[in-house]
Amino acid sequence: MAKGKYEYWLTPDGLLLLEAWARNGLTDEQIAHNLGVTTSTFYAWKNKYSEISESLKKGKEVVDFEVENALLKRALGYQYDEVTFEGGVETKRVTKEIVPDTTAQIFWLKNRRPDLWRDKQNVELNASLKSETSKLDDLIEQMGVDYD
């Protein structure tokens, strides 16, 4: 493999390796290191060669879906069977329950429904505000005091 040569990374083998690195969670900096180029060169290749960009996107998509599914499963809770074997024979099966995780639920809702669940809410106020001076002037007028 000729490290640092973009031609190799446009071949089916090179693109498959890029996809695998992205799927395994490597950062762009780590992938650039594996390619034997600087990060800026790697970014230039991604911009210039759509095949490289698409392979990376395809690899990251798989992991993103897996993490998304795992987060949802953790947020909702789930059951699983714990199986014990002795001598290759099942001796015990216990169904265990993982309770829903509120942190996972909060994370999910803040990201999927930010209109309802974000920490910072935008509230529209349609009221007129009077300054303290204006209020004082109104009070003096009500009292009938004349300062002129």
*Which one of these does Ser53 not meet: (1) in contact (Cβ under 8 Å) with a residue 12 or more places away in the chain; (2) surrounded by 13 or more Cβ atoms within 10 Å (Cβ to Cβ)?*
(1)
*Would you mind telling me which numbered condition in (1) open to solvent by 100 Å² or more (accessible area, probe 1.4 Å); (2) touching a residue at least 12 places away in the same chain (Cβ under 8 Å) Gln105 fails?*
(1)
*Taking only pairs six or more apart or across chains, which ones have beta-carbon atoms under 6 Å, a first residue in the range 85-100 that is within 19 Å of Ala75 (Cα to Cα), and a second residue that is modelled with pLDDT of 95 or more and of a type in the set (A, V, I, L, M, F, W, C)?*
Pro100/Leu76
_Looking at the structure I just gave you, is Gly59 open to solvent by less than 60 Å² (accessible area, probe 1.4 Å) and small (Gly, Ala, Ser)?_
yes
*Among (1) within 30 Å of Asp13 (Cβ to Cβ); (2) free of Cβ contacts under 8 Å to residues at least 12 places away in the same chain - the single one Gly144 does not satisfy*: (1)
*Go through the residues of the range 120-132 one by one and say whether even a single one is β-branched (Val, Ile, Thr) and under 30 Å from Leu18 (Cα atoms).*
no
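The values are calculated or read from the model by the stated rules, or taken from the named source; none is laboratory data. Since the structure is predicted, the reported quantities are computational estimates derived from the model, not experimental observations. Quick reminder, even Gly has a Cβ in these numbers, built from the backbone with ideal geometry, and neighbours come from all protein chains shown. Remember, those area values only see protein heavy atoms, side chains included, never the ligands or the DNA or RNA. Shrake-Rupley method; radii C 1.70, N 1.55, O 1.52, S 1.80 Å.
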